[in-house]
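**Q** Can you read through this structure? Questions will come right after.
The values are calculated or read from the model by the stated rules, or taken from the named source; none is laboratory data. Note that the coordinates shown come from a computational prediction; the quantities given were computed from them, not determined experimentally. In this analysis, Cβ positions are derived from the backbone assuming ideal geometry, glycine residues included, and neighbour counts consider all displayed protein chains. Remember, those area values only see protein heavy atoms, side chains included, never the ligands or the DNA or RNA. Shrake-Rupley method; radii C 1.70, N 1.55, O 1.52, S 1.80 Å.
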Amino acid sequence: MINLSLRELSAALAAREVSAVELATLFLDRIDRLNPGLNAFISQDREQTLAQARAADASGKVGAHDTPLAGIPLAHKDIFCTRGWRTSCGSHMLENFVSPYDAHVVERLAGAGMVTLGKLNMDEFAMGSSNETSYFGPVKNPWDTARVPGGSSGGSAAAIAARLTPAATGTDTGGSIRQPAALCGLTGLKPTYGAVSRYGMIAFASSLDQAGPMAKSAEDCALLLNAMAGFDARDSTSLERPAEDYTRDLEQPLAGLRIGMPREFFGDGMDADVRAAVEAALAEYRKLGATTVEVSLPNSGLSVPVYYVIAPAEASSNLSRFDGVRYGYRAPEYTDLNDMYSKSRAQGFGAEVKRRILIGTYVLSHGYYDAYYLKAQKIRRLIAADFVEAFKQCDVIMGPTSPSVAFAFGAKSADPVQMYLSDIYTISTNLAGLPGMSLPCGFGQGGMPVGLQIIGSWFGEAKMLQAAHQYQKATDWHTRMPENLK
Ligand code: GLN
């Protein structure tokens, strides 16, 4: 049961082989047994989960053709507001925050009949690539608990990899869905900016943040995205487009697909084990009828520095709302209002969050704005223009998701720049607003999973999912799970 796809789970529910309550119980018991060693879940509420499962069983939606997700459990990254559950965003600042409303994504998936198993650990305010910045302690990678699961959606990735949940939500500002998916051997998708509403998703860098699905396969991600995407007037950047069926092209063969391989993604900097797995995946694509062409993204080398100006700038503004007055942590002792603000923020935020706020206020300050922020925005435009050129020659772009397999705890935490380079292949996608995904394509050093990244053109989700699904029909990397957790 724990290895079934969402379609298979739906079929089992429809055939009354299992009920939503039984399915939820199975996963809750597995969480009780395995989560203490992984730290992926940080909030659980058995009663609420079972109440949702009972409601799903009674709803008549389970097994219905138009509600293929009904009765299936999932878990949410703790960045999504969930009514009645704590929403901490991995921070001491929101350690006791219970949201009075549901995020759009939570509402949509609940409306599709899905059952919430709990809330998942993450880097504090989604800032990190290893889950080491969480106030609740790091998540362990189920493939090797001495290694990081990636970040910031590391709890989501570890929970699926250990089969504690069939699916999860994640968010991706610079790689936080794709990089942990790669490091834990999963499939994860960051949609085109604006495709999924950010309402109720705690803001990090608003011009980059996107929510997306994480699961075992591309087909599962397509089904989840069908429920998550769509216009929402509560998010001013939500796009008014007709609804799409993201599963529509899954079964189309790949003959004639043109795959762009950016020269800049295949240079130095990628570990040999990652390169070998990615090149083998591209060879498989050629066998499936696709052709590969070299393309160039000349400005992509600037994406990490550009991101680390723009994202902290937006974060410094977004995080100003956490002031100890309206909600969140308030310092127990202070002398006056200013002292209350500064002590609450000093005690409530962790070191990485403070580093970003400092960088952000610096690059936005008078005298530095033109030199840093404005210049970064101009280069961002050039990075997007590179993709426009590249997509004249290809339908999708492929390359590595992460330069290395999962690294050991502590390996990069002392040097922020080394940590920031973990996202070297994923960040340009966010800067350009493009959709991207990661899927498992083999194993590298230490038996750790390697991820293949697919980048689509704007609104090219269905095409990316088709490419990923056809590969997953021909290979079985996505079906593997850690031996010791079977
Ligand atoms: N690792 C990147 C950062 O720390 C991206 C995080 C994300 O996508 N949320 O900013």
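**Q** Taking only DSSP H segments of four or more residues, each worth -39500 (n - 2.57), what value at 222 nm results for the chain once the sum is divided by all its residues, to the nearest 500 deg cm²/dmol?
**A** Helices in the chain give a 222 nm mean residue ellipticity of -11000 deg cm²/dmol.
**Q** Using the Cβ atoms and a cut-off under 13 Å, what net charge is assigned to the surroundings of Asp323, where Lys and Arg are +1 and Asp and Glu are -1? Please list the in-between numbers first.
**A** On the way: positive: Arg321, Arg326, Arg330, Lys343, Arg345; negative: Asp339.
So the environment of Asp323 carries a net charge of +4.
**Q** Taking the Cα centre as origin and putting +1 on Lys and Arg beta-carbons and -1 on Asp and Glu beta-carbons, what dipole magnitude results for segment 307-351, to the nearest 20 debye? Can you show the working numbers first?
**A** On the way: 5 positive and 5 negative charges, 27 e Å.
The dipole of segment 307-351 has a size of about 120 debye.
**Q** Once the Cα gyration tensor of the chain is found, what semi-axes does its equivalent ellipsoid get, as square roots of 5 times the eigenvalues, in whole Å, sorted largest first?
**A** 31, 29, 21
**Q** Something else now. Quote the charge dipole size of segment 234-297 about the Cα centre in Debye, to the nearest 20; the model charges only the Cβ of Lys and Arg (+1) and of Asp and Glu (-1).
**A** With Lys and Arg at +1 and Asp and Glu at -1, about 200 debye.
**Q** Hey, any idea what Rg/Rh is for segment 393-486, computing Rh the Kirkwood way over Cα pairs?
**A** 1.01
**Q** What's the center-to-center distance, using Cα atoms, between segment 324-340 and segment 281-300 in Å?
**A** 54 Å
**Q** Shifting gears a bit: I'd like the distance separating the alpha-carbon centroids of segment 63-87 and segment 366-430, in whole Å.
**A** 31 Å
**Q** A follow-up question, please. So what does Thr25 come to for accessible area, using a 1.4 Å probe and Å² rounded to 10?
**A** Result for Thr25: roughly 40 Å² accessible.
**Q** Sorted by mean Cβ packing within 10 Å, highest first, what order do the peptides 100-109, 365-374, 26-35, 58-67 take? Intermediate results must be reported in sequence, preceding the final value.
**A** Working: 100-109: 21.2, 365-374: 12.1, 26-35: 17.4, 58-67: 13.9.
Averaged packing, sorted descending, gives the order 100-109, 26-35, 58-67, 365-374.
**Q** What is segment 1-151 by shape, rounded, prolate or oblate, if you read a ≥ b ≥ c off the alpha carbon gyration tensor as root eigenvalues and call it rounded for a/c under 1.5, prolate for a/b larger than b/c, and oblate otherwise?
**A** Prolate is the answer for segment 1-151, as a/c is 1.5 or above and a/b outweighs b/c.
**Q** Return the sequence-ordered ³J(HN,Hα) values of segment 377-390 in whole Hz as given by the Karplus equation 6.51 cos²θ - 1.76 cosθ + 1.60 applied to θ = phi - 60°, using x for Gly and Pro.
**A** 5, 5, 5, 4, 4, 5, 5, 5, 5, 4, 5, 4, 4, 4
**Q** How would segment 192-257 be classified by its alpha-carbon gyration tensor: rounded, prolate or oblate, with rounded meaning a/c under 1.5 and the a/b versus b/c comparison settling the rest?
**A** Numbers: a/c = 2.26, a/b = 1.88, b/c = 1.20.
Because a/c hits 1.5 or more and a/b exceeds b/c, segment 192-257 counts as prolate.
**Q** Are there trypsin sites (Lys or Arg not before Pro) in segment 366-399 that DSSP puts in a loop and that have at most 13 other Cβ atoms within 10 Å, and which ones? Write out the running numbers ahead of the final one.
**A** Working: sites: Lys375, Lys378, Arg380, Arg381, Lys392; in loops: Lys392.
Passing sites in segment 366-399 are Lys392.
**Q** For Gln252 and Thr335, what is the calculated FRET efficiency with R₀ set at 60 Å and r taken between the beta-carbons, to the nearest 0.05? List each step's numbers first, then the result.
**A** Working: r = 67 Å, r/R0 = 1.11.
Efficiency, from the Cβ-Cβ distance: 0.35.
**Q** In whole Hz, with x marking every Gly and Pro, tabulate ³J(HN,Hα) for segment 460-467 from phi via Karplus 6.51 cos²θ - 1.76 cosθ + 1.60, θ = phi - 60°.
**A** Those phi angles translate into x, 4, 4, 5, 4, 5, 4, 4 Hz.
**Q** Would you please name the GluC sites (Glu not before Pro) within segment 242-317 that are DSSP coil residues with at most 14 other C-beta atoms within 10 Å of their C-beta?
**A** Glu251
**Q** With each label point set 7 Å from Cα along the Cα-Cβ vector, what nm distance links Asp66 and Leu382?
**A** 5.1 nm
**Q** How large is ³J(HN,Hα), in whole Hz, for each residue of segment 417-430 in order, when computed from phi with the Karplus curve 6.51 cos²θ - 1.76 cosθ + 1.60 and θ = phi - 60°, using x for Gly and Pro?
**A** Along segment 417-430, the couplings run 5, 4, 4, 4, 6, 4, 9, 4, 8, 9, 5, 5, 4, 5 Hz.
**Q** Could you work out the relative contact order of the chain, using alpha carbon pairs under 8 angstrom and six or more residues apart, expressed as a whole percent?
**A** Value for the chain: 18 percent.
**Q** Which net charge results for the neighbourhood of Tyr199, defined as the other residues with beta-carbon distances under 11 angstrom from its beta-carbon, given Lys and Arg at +1 and Asp and Glu at -1?
**A** So the environment of Tyr199 carries a net charge of -1.
**Q** Oh, and also: Of the DSSP beta bridges with both residues in segment 162-259, give the percent that are antiparallel, rounding to the nearest 5.
**A** Just about 100 percent of them are antiparallel.
**Q** Let me ask something additional. Amide H of Asp78 versus every other amide H placed in the peptide plane: which residues, excluding those fewer than 5 positions away on the same chain, fall under 5 Å?
**A** Leu120
**Q** Under unit Cβ charges (Lys, Arg +1; Asp, Glu -1), what dipole magnitude, rounded to 20 debye, does the chain have relative to its Cα centre?
**A** Charge dipole of the chain: 140 debye, to the nearest 20.
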